[in-house]
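S.K.: My questions will all concern the structure given below.
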Amino acid sequence: MFRLFAMIALVLAALPAAAFETRATAAWVYDVTTHTVLMDKNGTVAVPPASMSKLMTINMLFEALRDGRVQMDTTFPVSARAVQMTKDGGSTMYLQQGDRPTVDELIHGMIVNSGNDACVVVAEGLAGTEEAFAAQMTERAHALGMVDSTFANASGWPDPRHRMSMKDLGLLAQRLIEEFPDYYPVFAQTEFNYKNRAPANANNRNPLLKLGIGADGLKTGHTSEAGYGLVGSVKQGERRIIFAMTGLASDKERAEEAERIASWAFRQFALKTVAKADTRLAEAAVFMGAADTVGLVPAADVRILIPALVQDGLKAEVAYTGPIAAPVAKGARLAELVITLPGLPEHRIPLVAEADVPRGGFVTRMTTAIGHLRATYLGDTAPAS
């Protein structure tokens, strides 16, 4: 068996997108539609996430809702520890002991107000203690593939044991969008004022929500150690991007950089179909089949992001291990279309059999076997007669 490569020509050409230098110390930008990483600057470095890590607390609560362990109207008590979060400074929804906020109110308090007190109430309500909840957050994050994340609390309060990478935050954002479509719209809400107690902290800090560019989430973060950060998502037409960034110097710089990243991701790349479903791109050799070859086709349209400046041909090749032994079933995955563009990760798209290829009859198999024996033991490449 041999690993075979066939160079093919596709319908588009490209140059790398214009280089983008972000002021963030770490950033990760992802095109959800095409599963393409557009930027990775220190994306897997575990850093202080500040309030952006509240997304994991929110995920834990969304999972509890989905599983039926709590309802939107379930209420939780407010402990002295939760109230102390307000006294210690930082973002709050101004809960008081004696309050019994609902799960729905706590979701709004965490997302819109970035309430540290709300996070403690959720942690204690779900796990008994914040410490136990933080351990559950870490375990769950690792199970979901967020390997750079460890949690010491529910709110993102500064702690040397509390770390996330920008890639993990991006993956978490994608999960919240795709797995919880009924709850996700809260991230686009711009105001929440629990019992009219927090008029000064009622507005969502996400700077993208007011720009009218299709932004619908997710979460800001800031501490003196972490700097200013944002996990954002923007949807325009068929495309959605998610990004996470941190280490900005000010709220103003965060707002400017968020808009720059979103603009770059949409304006420097175009979504194009480079191969239609069921279009033969190559052929693979078949061993002992009724036909000598089988066509290789994509099962679905191949759509990728093409940098805006188009000039020279992109590189594409079909790779498979062959010859392929008959019988071959139509639709069986046999090969990969490998597309490379300068400055972007390679795309690997499965190719499947275009048609059935049954085993050959007795004469075909005998002829093939004799040819194989000659080639193996006699060095004879002439066809059997």
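Nothing in this text is a laboratory measurement; each read-out follows from the coordinates by a stated rule. Everything numeric here is computed off the predicted structure, so don't read it as measured data. Glycine also receives a Cβ, built like all others from the backbone with ideal geometry; neighbour counts cover every protein chain displayed.
S.K.: Using alpha carbon centroids, what distance separates segment 146-181 and segment 232-289, in Å?
M.R.: Centre-to-centre distance over Cα atoms comes out at 22 Å.
S.K.: Specify, per residue and in Å³, the volume enclosed by the convex hull of the alpha carbon atoms belonging to segment 26-267.
M.R.: Output value, Cα hull per residue: 114 Å³.
S.K.: Counting other C-beta atoms within 10 Å, and keeping those with at most 14, which DSSP coil GluC sites (Glu not before Pro) do you find in segment 230-304? Could you put the intermediate results ahead of the total?
M.R.: On the way: sites: Glu238, Glu253, Glu256, Glu257, Glu259, Glu283; in loops: Glu238.
Qualifying residues, ordered by number: Glu238.
S.K.: Here is a follow-up. Past the 29 Å Cα-Cα mark, which pairs from Lys210/Lys276; Lys276/Lys330; Lys87/Lys235; Lys41/Lys252?
M.R.: Check vs 29 Å cut-off fails for Lys210/Lys276; Lys87/Lys235.
S.K.: Kyte-Doolittle mean at least 0.0 and Cα extent at least 15 Å along the axis: which DSSP H helices of the chain qualify?
M.R.: Numbers: long enough: 54-66 (18 Å, 0.63); 116-127 (16 Å, 1.12); 130-143 (20 Å, -0.62); 166-179 (19 Å, 0.04); 251-267 (24 Å, -1.30); 362-373 (16 Å, 0.73).
Once both thresholds are applied, what remains is 54-66, 116-127, 166-179, 362-373.
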